[in-house]
Amino acid sequence: MQIGLIGLGKMGGNMAERLRRDGHQVVGYDRNPASPRDVDSLEALAAALDAPRVVWVMVPSGEPTRATVASLAGVLQSGDVIIDGGNSRYTDDQAHAAALAPKGIKYLDAGVSGGVWGLTEGYALMVGGDADTVAMAQPIFDSLKPPTGGFVHAGRVGAGHLTKMVHNGIEYGIMQAYGEGYELLKAVDMVPDPDAVMASWQEGTVIRSWLLDLLVLALKDDPGLAEIRGYAQDSGEGRWTIEAAIEHAVPMPVITSALFARFASRQEESPAMKVVAALRNQFGGHAVGKEGSTAAVPIS
């Protein structure tokens, strides 16, 4: 089938290529003139597609996505479909669907997992929206997903990005657990090669996973992770997961801790730990060294 795809970066560009390989006609648009775009405006994109049009939006979440959806509302017609495949917050999806409904434009939200490996491995898709609209776009979903599994119609509008949000929260926790385990293996002098231990866990263990496979790849490229800085950014879904947990009174200590650990990774020196060191010095006479180390001194 035909599809318009807006946003031809790492994810969008690979998705366009995977769809073309499976026989679909993709009309690509990106604001960047140097991108491999087929048209140079949203108006040209709409004109190049036959009605009813299906347009997939793959741009950064937040204002870029909101602006793109609003602009598409001006060039599309009743019966056309907009799919937001970015990492938007699920509450934005509900607002988009409500704004598009009077124009007769249909809306789906698609949580997408797979990263740069999706081109060859396929993308896991979590889709929100009504069943009839999902059915219109099903050939696209079938081409993007892995050969078996990897697709779910998660529920009504917003459910796709909600489930992807929870997926990413779980990802935070798993990554943090691998990291903490690896750090302990390195700290104990009984294990001379922690990298080899991690690699051995890829087969037969209950903690084997694709994330573990990726960690082993990283360790092969950089043994001991000597060349990488311990700085981890967060893209928003972890925060939103915790906010939703608070709203619904669901305990999430592991995911919350993993998010806070990412915050800690961005500090060259922790003001909180400075407070702890200063208090230990005040009540216990523990001297604080220049590098933040402590040494016990007699209490007068």
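A short reminder: the numbers here are calculations on the coordinates, not readings from a lab. Nothing here was measured: the structure is a model prediction, and the numbers come from that model. Every residue, glycine as well, gets a Cβ built from its backbone with ideal geometry; the counts of neighbours run over all protein chains shown.
Compute the angle between helix 271-284 and the longest alpha-carbon principal axis of the chain, please, reported from 0 to 90 degrees and rounded to the nearest 10. Tilt of helix 271-284: around 20 degrees. Normalising the average separation of contacting C-alpha pairs (under 8 angstrom, six or more residues apart) by the number of residues puts the relative contact order of the stretch 164-265 at 38 percent. Counting every other Cβ atom within 10 Å of each residue's Cβ, HIS96, HIS161, HIS24 order from fewest to most as HIS24, HIS96, HIS161. The modelled label-to-label distance between LYS186 and SER209, using points 7 Å beyond Cα along the C-beta direction, is 2.0 nm. What do you get for the angle between helix 210-221 and the principal long axis of the chain? Use alpha-carbon atoms, 0 to 90 degrees, nearest ten. Around 60 degrees separate the two axes. Compared with the rule-of-thumb size 2.2 N^0.38 Å for a compact globular protein, the chain has a Cα radius of gyration ratio of 1.24.
When each of the peptides 7-19, 270-282 is scored by the mean number of other C-beta atoms lying within 10 Å of its residues, the order from highest to lowest reads 7-19, 270-282.
Does the stretch 46-150 come out rounded, prolate or oblate, given a ≥ b ≥ c as the square roots of the eigenvalues of its C-alpha gyration tensor, rounded meaning a/c under 1.5 and, failing that, prolate meaning a/b above b/c? Verdict is prolate for the stretch 46-150.
Taking Cα atoms only, the orientation of helix 63-73 departs from the longest principal axis of the chain by about 10 degrees. For the stretch 105-228, the convex hull drawn through the C-alpha positions has a volume of 131 cubic angstrom per residue. Any idea what log10 I(q)/I(0) is at q = 0.13, 0.22 Å⁻¹ for the stretch 15-105, Debye with uniform C-alpha scatterers and no solvent? Normalising to I(0) and taking log10 leaves -0.43, -1.24.
Each stretch of four or more DSSP H residues adds -39500 (n - 2.57); spread over every residue of the chain, this sum gives -15000 deg cm²/dmol at 222 nm. With both residues required to sit in the stretch 2-157, DSSP beta bridges show an antiparallel share near 20%. Rg and Dmax of the stretch 201-253, both derived from C-alpha coordinates alone, stand at 16.1, 42 Å. Considering only beta bridges that DSSP places wholly inside the chain, some 30 percent are antiparallel.
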